[in-house]
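J.: Mind having a look at this structure? Questions to follow.
The values are calculated or read from the model by the stated rules, or taken from the named source; none is laboratory data. The shown structure was predicted, so the numbers you read here are calculated from the model rather than taken from an experiment. Reconstructed Cβ throughout: ideal geometry from the backbone, glycine too, with neighbour counts over all protein chains shown. Surface areas here come from the heavy atoms of the whole protein model, side chains and all, with no ligands, DNA or RNA. Shrake-Rupley method; radii C 1.70, N 1.55, O 1.52, S 1.80 Å.
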Amino acid sequence: MIAAFQILGSLGLFLFGMKLMSEGLQKVSGERLRMVMRTMASNRFKGVFSGALVTTAIQSSTATTVMVVSFVNAGLLTLRESIGVIMGANLGTTTTAWIIAILGFKLELSSIALPIVGVGVVVSFCKRPGWRSSGELLVGLGLLLMGLDYLKSSVPDLDPDSPALMWLRQYSNMGVLSVLLFLAFGVVLTIIVQASSVAVAITITMAARGWIDFDLAAAIVLGENIGTTITANFAAITANLAAKRAAMAHLIFNVLGVIWVLCVFYFFLSMIKWLVPLNPNPDAITLAAMGIDNFPSLTGAAREVALQKLAVPERLAMFHTMFNFCNICLLIGFVPQIEKLTNWILKDKTGGRHRTSVQRLEYLTSNVAEMGELALFEGQKEMV
């Protein structure tokens, strides 16, 4: 029970750090990033680039997608333009997995996290708003790394004969059914924590500690790609039809990607293992970060298991990146078809006009992201 609360607290610290860092980045460069998104979405390729750039900068695909929904709602982006940006956001969010894999499992985080928080707190007391926001960014980064460090230490290495591992093995030896089961778990996990970054951190940690195999961890990552679309759909509930369609297009794009990857799942995993081979001689820092102190004395099967565990974080990060990259390459030529499918699912029941005698506000809403300048564009559209 105590271990469960420690894991929960670690996730809370990680999520709060991610939120603080994202908000700090948006305050420092938010308007410039929004301008990039608005001006670089004129075609689908520019849209992919701008979506990836903005999401990499603010480290939150959810924030980018909600931003896109807001722009579509305000009439600043068309549905077709928004699909390209959403594709890019999916690719940009994979940098989070690399941060977790490299910083979390290649470095001793405890030695750098607290100094980062200390510097960030000092900077946040500056009078200039830009410096204060930069301080928040640093505090968020430090808390994120601390949460990741606590998460690693809270999730124990499991003995091969432990009851928890035996229970998991009941559901991990059913072939394709196991893949689908863990995919569904990834969807539910992401909906519960409302942040794919946290879900990815949980998945990488579980796999690195030997709780689940690489293939089942990859299935969970696929599920997380579907689960992360729920937040944007929630944000679009009270928005106009175009914004609802943008959120639905995100869901359709990710579901189509998961479907084709499932058809070539084990071949895709073989490609990832080829791209990220085992390192026969890991350095001491990596071994310490992974908690493998007796590596030099390991031989045979035990050494092979240890090497597989060491490769898991990078392989999952590579899987996440390659899945989204290949998905964009395959589906970017079908943006018009995705747009038509979205329009078919969410039909305009008013025939393009309001049938009621009451005049309703079509553009101006108050539910989506806290971006005051959007209200100006929404108000102009509404007045016209």
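J.: How many residues does segment 207-238 hold that are open to solvent by 10 Å² or more (accessible area, probe 1.4 Å) and at pLDDT below 80?
T.: Final tally of qualifying residues: 10.
J.: Show the residue pairs that are 6+ apart or on different chains and have beta-carbon atoms under 6 Å apart, the first residue being within segment 309-325 and at negative phi, the second being open to solvent by less than 10 Å² (accessible area, probe 1.4 Å) and of a type in the set (S, T, N, Q).
T.: 320/94; 321/94; 324/90; 324/94
J.: Still on this structure, please answer the following. Residue 167 fails exactly one of the following numbered conditions: (1) buried (at least 18 other Cβ atoms within 10 Å of the Cβ); (2) modelled with pLDDT under 75. What is the number of that condition?
T.: Among (1) buried (at least 18 other Cβ atoms within 10 Å of the Cβ); (2) modelled with pLDDT under 75, residue 167 violates only (1).
J.: Could you check how many residues of segment 72-83 are assigned to a helix (DSSP H, G or I) and at pLDDT 75 or above?
T.: So the first thing to find is which residues in segment 72-83 are assigned to a helix (DSSP H, G or I), and the list is 72-73, 79-83.
Imposing the further condition that a residue be at pLDDT 75 or above reduces the set to 72, 79-83.
Residues meeting the conditions: 6.
J.: Residues that are of a type in the set (D, E, K, R), part of a helix (DSSP H, G or I), surrounded by fewer than 22 Cβ atoms within 10 Å (Cβ to Cβ) and at pLDDT 75 or above: does segment 93-115 have at least one? It would help to see each step written out before you state the result.
T.: Step one: filter segment 93-115 for residues of a type in the set (D, E, K, R), giving 106, 108.
Now restrict to residues that are part of a helix (DSSP H, G or I): 106.
With the extra rule that they be surrounded by fewer than 22 Cβ atoms within 10 Å (Cβ to Cβ), the set shrinks to 106.
Next cut, at pLDDT 75 or above only: none.
Looking through segment 93-115, none of the residues is of a type in the set (D, E, K, R), part of a helix (DSSP H, G or I), surrounded by fewer than 22 Cβ atoms within 10 Å (Cβ to Cβ) and at pLDDT 75 or above.
J.: So, in segment 15-71, exactly how many residues are of a type in the set (S, T, N, Q), open to solvent by 60 Å² or more (accessible area, probe 1.4 Å) and either at pLDDT below 70 or in contact with a strand residue (DSSP E or B) (Cβ under 6 Å, 6 or more places away or on another chain) (or both)?
T.: The number of residues fulfilling the criteria is 2.
J.: Report yes if some residue within segment 278-297 is surrounded by fewer than 22 Cβ atoms within 10 Å (Cβ to Cβ) and at pLDDT 75 or above; otherwise report no.
T.: First pass over segment 278-297, keeping only residues surrounded by fewer than 22 Cβ atoms within 10 Å (Cβ to Cβ): 278-288, 291-297.
Okay, now just the ones that are also at pLDDT 75 or above, so 278.
Yes, some residue in segment 278-297 is surrounded by fewer than 22 Cβ atoms within 10 Å (Cβ to Cβ) and at pLDDT 75 or above.
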